[in-house]
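What follows is calculated from the coordinates using simple rules that are stated; it is not laboratory data. Not measured: the values here are computed from a predicted model. So basically every Cβ, Gly included, is an ideal-geometry build from the backbone, and we count neighbours across all protein chains shown.
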Amino acid sequence: MSRILIVEDEPKLAALEADYLKAEGYDTHCIGDGSEVVAWVRGNAPDLILLDLMLPGRDGLDICRELRAATDPRIRDVPIIMVTARVEEMDRLIGLDLGADDYVCKPFSVRELVARVRAILRRGRAPASGLVLDEQARAAQLDGRELDLTPVEFRLLGTLAAAPGRVFSRSKLLERLYEDHRVVGDRTVDAHIKNLRRKLEAVRPGEELVRSIYGLGYKLEL
Ligand code: CA
């Protein structure tokens, strides 16, 4: 049974999330004080964390940073869904590249949250992604088929594939786009993503492997 840690200082919301997750067959544990989170995670190694940003004791940003810096891979790689109270905050969070796996903004539908939890946990158990990147040859294969990518598309895919499921902001992707760091607009990223998607979709019809998140960034789902 997957165990989910709910870090939330609004008791009603924590109880609601726990109810829905239990109904889906997950084991849950709730913590309302940020200062208790890291020690509990180290002792219990949950399968996923719902992490509220604003907490008494210690904020979610700080907690996320410490977990991602841990040496134990069970702690370092634990999936994290960051919960924020303001839409404007999401842009900043994604820009910080904290390594959260997903972001939701309050008020959210608990049903939708549970669906995201399920998607992330399913991904963790999925077999090899089928994507092979050869940095030296600048060659990419998906499901054994060669992808004919431009150098920019290859770099974009490489960046996204370094952390599947994580959201990369446009500005972060822009930084990696050109080796000469030339100045281009955000729309340039969108244009390259569009071409990359088309090439991926030729191998996996009907699948959206590169997902856009609230128009703020992109993530690769394999
Ligand atoms: Ca809070």
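Would you mind telling me the antiparallel percentage of the DSSP bridges in the chain, rounded to 5?
So the antiparallel bridges amount to about 45 percent of the total.
Skipping prolines and chain starts, which residues have an amide H placed within reach, meaning under 5 Å, of the one on residue 213, given they are 5 or more residues away or on another chain?
Amide H neighbours of residue 213: 218, 219.
Show me the ranking of peptides 103-111, 34-42, 161-169 by mean Cβ neighbours inside 10 Å, starting with the highest.
So the peptides 103-111, 34-42, 161-169, ranked by packing, come out 161-169, 34-42, 103-111.
To the nearest Å, what is the center-to-center distance of the stretch 163-222 and the stretch 86-122, using C-alpha atoms only?
18
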